[in-house]
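Peer 1: If you scroll down you'll find the structure; I have some questions about it.
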């Protein structure tokens, strides 16, 4: 019997009979019509005869178990015995009724998306190293920048090779990148441009030692990497050459970090409207407003108290420019990572990812801060 619902009462039939009524075949008799098929009858066995009690109205069912009186249960289904007289495993452990009320899922607490304790610890450690080298001896800080550039180039070229099979030559990039930072510190913008040109030439020549297949994409990626990482980093070294160079670099670092922190804090707490969902779904317009507000306040304070001849209104403009360039830099690297199909450029810094994941907003912000400081207070 395929339909054994207890929810719909049947038409009254002979006493004690629960099978077909109203002119149907008698219990145990073969159905009228074509010849009786014994195998088919095994699949359409009649219901057993039970005592004549009102359906759901009595105090006991056919097994003697007490049942509540009242209207039938809407979703209750009578299990059908399997051949042999015992209930099947399916009927012995019936699944929950489909419309039974399910417990509501526990509300999930909003997560910040990364290990904050590790991120803060690593950030503080890097800050101590940078500030110490910045104010103790300028040349040491230039060395720190050169090391960061080389590690960033290694991460970028490694990901290009793994994900896109682009073989940007690392050796000329690393040597030329470090030389570019030193040249920017020693010879200024002119030295940085010359080092950039020589690095690009070295990439073109170095790649000639391998088969020509993929030459164009490899050297294109190499020149892009040389401009993106070491050339932009040379503007940090050029800031350092001024009399108040350490304070200029500190202002640049503080404004970028404050901008990122403001965007992260405000976006995580109040973010609702996506800024660029196709590039970086986690960034919101509310976060951008937080970056602008935090950076403008920090810029006014830094220009007023840290930079020689600086004024607070210049700091407001500087903070606004930093918030814009840092956000664009972050989106730019997010675009690269999305194209590569990766979340982070590396795993060197717990809670942050790789070196490039920390340089993403610093690199494009460096020339902006250098230029505005030269316009506002000069290069000396």
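Peer 1: Kindly indicate whether any position in the range 287-304 is under 30 Å from residue 154 (Cβ atoms), in contact (Cβ under 8 Å) with a residue 12 or more places away in the chain and in contact with a strand residue (DSSP E or B) (Cβ under 6 Å, 6 or more places away or on another chain).
Peer 2: no
Peer 1: Can you say whether residue 155 is exposed (fewer than 14 other Cβ atoms within 10 Å of the Cβ) and either over 26 Å from residue 335 (Cβ atoms) or within 31 Å of the chain's Cα centre (by Cα) (or both), as far as the supplied structure shows?
Peer 2: Working: exposed (fewer than 14 other Cβ atoms within 10 Å of the Cβ): no; either over 26 Å from residue 335 (Cβ atoms) or within 31 Å of the chain's Cα centre (by Cα) (or both): yes.
No, not satisfied.
Peer 1: Show me the helices (runs of 4 or more DSSP H) found entirely inside the range 282-380 where at least 1 residues are modelled with pLDDT of 95 or more and buried (at least 22 other Cβ atoms within 10 Å of the Cβ).
Peer 2: 285-305, 312-340, 362-377
The values are calculated or read from the model by the stated rules, or taken from the named source; none is laboratory data. Everything numeric here is computed off the predicted structure, so don't read it as measured data. Note that we place each Cβ from the backbone using ideal geometry, even for glycine, and neighbour counts take in every protein chain shown.
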